[in-house]
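The values are calculated or read from the model by the stated rules, or taken from the named source; none is laboratory data. Here the structure is a predicted model, which is why all the values come from computation and not from measurement. Neighbour counts run over all protein chains shown; Cβ positions are idealised from the backbone, glycine included. Just the protein is used for accessible areas: all its heavy atoms, side chains included, with ligands, DNA and RNA removed. Shrake-Rupley method; radii C 1.70, N 1.55, O 1.52, S 1.80 Å.
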Amino acid sequence: MKKLKSETVRWINSRRPILGALLLLAVLAGGAAARWQFFQPAVKASGAPTPGVRVSYDYAVTQPIPQSTDLNPARVALGGKLFHDARLSVDDTISCASCHNLAGGGVDNRSRSVGVRGAVGGINAPTVFNSGLNFVQFWDGRALTLEAQINGPVTHPLEMASSWQQVIGKLVQDPVYVQEFSKLYRDGLTAPNIKNALAEFERSLLTPNSRFDKFLRGDSNALVEQEKKGYALFQSYGCSSCHQGVNLGGNMYEKMGLMGDYFADRGNPTEADKGRFNVTGNPDNLHEFRVPSLRNVALTAPYFHDGSAKTLEDAIAVMVKYQLGRPMPDADLQSIAAFLRTLTGQYQGKPL
Ligand code: HEC
Ligand code: HEC
């Protein structure tokens, strides 16, 4: 028995390099297979859906938005107050909500935002709803956290054009703020604590319970046939290779114009068009943007970083041309649009 064991050990030892290599190969192959599977469209949906035929969906591409959070409610409420407070801007005219209207999809529905004194910014405002689920903030990902993002609007000359010194100078004159900050934060009213409260509020801006999420949770009647087909097509055409994860976007960078020169065709190049290149200086990152989330996309027109697409159908057509580079029959485009309209969720229990 002992001999057998030692012979086995000797056998293993003598072949260790080969066995190791085999093991490594097996692991690599497994990983590649998993990734291959992940990127494969789960369904080939084409033609009219056949009644009674079950279509299987790839649940891996996304998950429902969580229905609750474990945030500190007092900090969330304080952040909500700051979010609506125009004293964060240089002349007390603009609050975060001026450009991120919570009753309107968390956006301003303008191609480009308008800041203090009518200043027109260089880029379209993304929604603040579900922004806490995005892997980085801004179209070019230059802020890694919601806290870090807030310096941007407060100090940007075309947005609130203020400074933290000014903001704190105004807020310390408000006894309610002073009291609330000293209750919730050991060091009271400071710039990092203002940012934290605002970010806590933003993390609370989740929009669960869209019809699509109800469908993902097993209610097959939550979507009608055309919408289900749209979801299948969204995967089989490859939209979900970029718009994926819980936010259907917001988890990777991609080039705008993968299959055609979007910017040459559009004309009038801007600084903002350079996308992630503006952050890294690396020519490989030219025209790369964080893939936007498609949650609540029915409410966030106009679309793209340049606000150039007025309707959802226009935006899908641009994606088909420049990201997929293959034709799509209008019926399929309409089904995908119908699917995207099921992504509108609820905020505080009410439909957006
Ligand atoms: C003048 C309009 C304007 C104001 C005021 C404004 N924002 Fe924005 N916001 C924008 C624009 C435009 C962008 C996109 C900028 C970019 O990507 O370069 C943006 C981006 C964001 C993002 C990133 C979202 C994402 O998915 O990348 C968050 C979060 C955000 N703003 C929160 C706030 C907060 C908090 C305030 C108040 C302190 C605020 N904004 C004030 C226009 C505004
Ligand atoms: C190769 C990656 C990729 C693929 C594939 C792709 N998209 Fe996009 N999508 C992006 C990027 C990047 C943007 C932002 C582009 C910009 O703003 O310039 C975007 C933007 C959008 C927008 C606008 C969202 C907003 O808030 O402005 C919609 C709608 C959209 N895509 C839908 C689709 C649909 C539907 C498909 C499939 C037909 C698709 N996308 C395929 C990467 C992709």
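For residue 331, only one of the following conditions fails: (1) of a type in the set (Gly, Ala, Ser); (2) open to solvent by 50 Å² or more (accessible area, probe 1.4 Å); (3) within 16 Å of ligand 1 (Cβ to nearest atom). What is its number?
So residue 331 meets the others, but not (3).
Can you go through 301, 337 and tell me which one is hydrophobic (A, V, I, L, M, F, W, C) and away from ligand 1 (no atom under 16 Å from the Cβ)?
Just one listed residue meets the conditions, 337.
Checking residue 232 against (1) in contact (Cβ under 8 Å) with a residue 60 or more places away in the chain; (2) more than 20 Å from residue 293 (Cα to Cα); (3) open to solvent by less than 30 Å² (accessible area, probe 1.4 Å), which single condition isn't satisfied?
(2)
Among the listed residues 291, 246, 297, which satisfies the condition of being more than 12 Å from ligand 2 (Cβ to nearest atom), open to solvent by less than 40 Å² (accessible area, probe 1.4 Å) and within 16 Å of the chain's Cα centre (by Cα)?
It is 246.
Would you please list the contacts, defined by Cβ atoms under 9 Å and residues six or more apart or on different chains, that run from a residue in the range 135-162 that is on the phi > 0 side of the Ramachandran plot and more than 16 Å from ligand 2 (Cβ to nearest atom) to a residue that is not small (Gly, Ala, Ser) and not in a helix (DSSP H, G or I)?
Sorted first by the residue in the range 135-162, then by its partner, the pairs are 161/90; 161/91; 161/94.
Quick one: which residue in 200, 254, 225 is open to solvent by 40 Å² or more (accessible area, probe 1.4 Å) and within 30 Å of residue 272 (Cβ to Cβ)?
Answer to the check: 254.
Of the residues that make up the range 131-143, is at least one among the β-branched types (Val, Ile, Thr), near ligand 1 (Cβ under 9 Å from one of its atoms), under 22 Å from residue 246 (Cβ atoms) and open to solvent by less than 30 Å² (accessible area, probe 1.4 Å)?
The initial filter retains those residues of the range 131-143 that are among the β-branched types (Val, Ile, Thr), namely 136.
Imposing the further condition that a residue be near ligand 1 (Cβ under 9 Å from one of its atoms) reduces the set to 136.
From the residues that got through so far, the ones that are under 22 Å from residue 246 (Cβ atoms) too are 136.
Checking which are open to solvent by less than 30 Å² (accessible area, probe 1.4 Å) leaves us with 136.
Yes, the range 131-143 contains at least one residue that is among the β-branched types (Val, Ile, Thr), near ligand 1 (Cβ under 9 Å from one of its atoms), under 22 Å from residue 246 (Cβ atoms) and open to solvent by less than 30 Å² (accessible area, probe 1.4 Å).
Which pairs do you get when a residue that is of a type in the set (Lys, Arg), found in the range 81-109, comes within reach of a residue that is open to solvent by less than 30 Å² (accessible area, probe 1.4 Å) and not in a loop (DSSP other than H, G, I, E, B), reach meaning Cβ atoms under 6 angstrom, with the pair 6+ apart or on two chains?
No pair meets every condition.
What's the total number of residues in the range 300-324 that are farther than 20 Å from residue 140 by Cβ, in a loop (DSSP other than H, G, I, E, B) and open to solvent by less than 30 Å² (accessible area, probe 1.4 Å)?
Residues that pass the stated criteria total 1.
Checking residue 118 against (1) open to solvent by 30 Å² or more (accessible area, probe 1.4 Å); (2) within 9 Å of ligand 1 (Cβ to nearest atom); (3) small (Gly, Ala, Ser), which test does it fail?
(2) is the only condition that residue 118 fails.
Among (1) touching an Asp or Glu at 6+ places or on another chain (Cβ under 7 Å); (2) near ligand 2 (Cβ under 8 Å from one of its atoms), which single condition is residue 262 missing?
Condition (1) is where residue 262 drops out.
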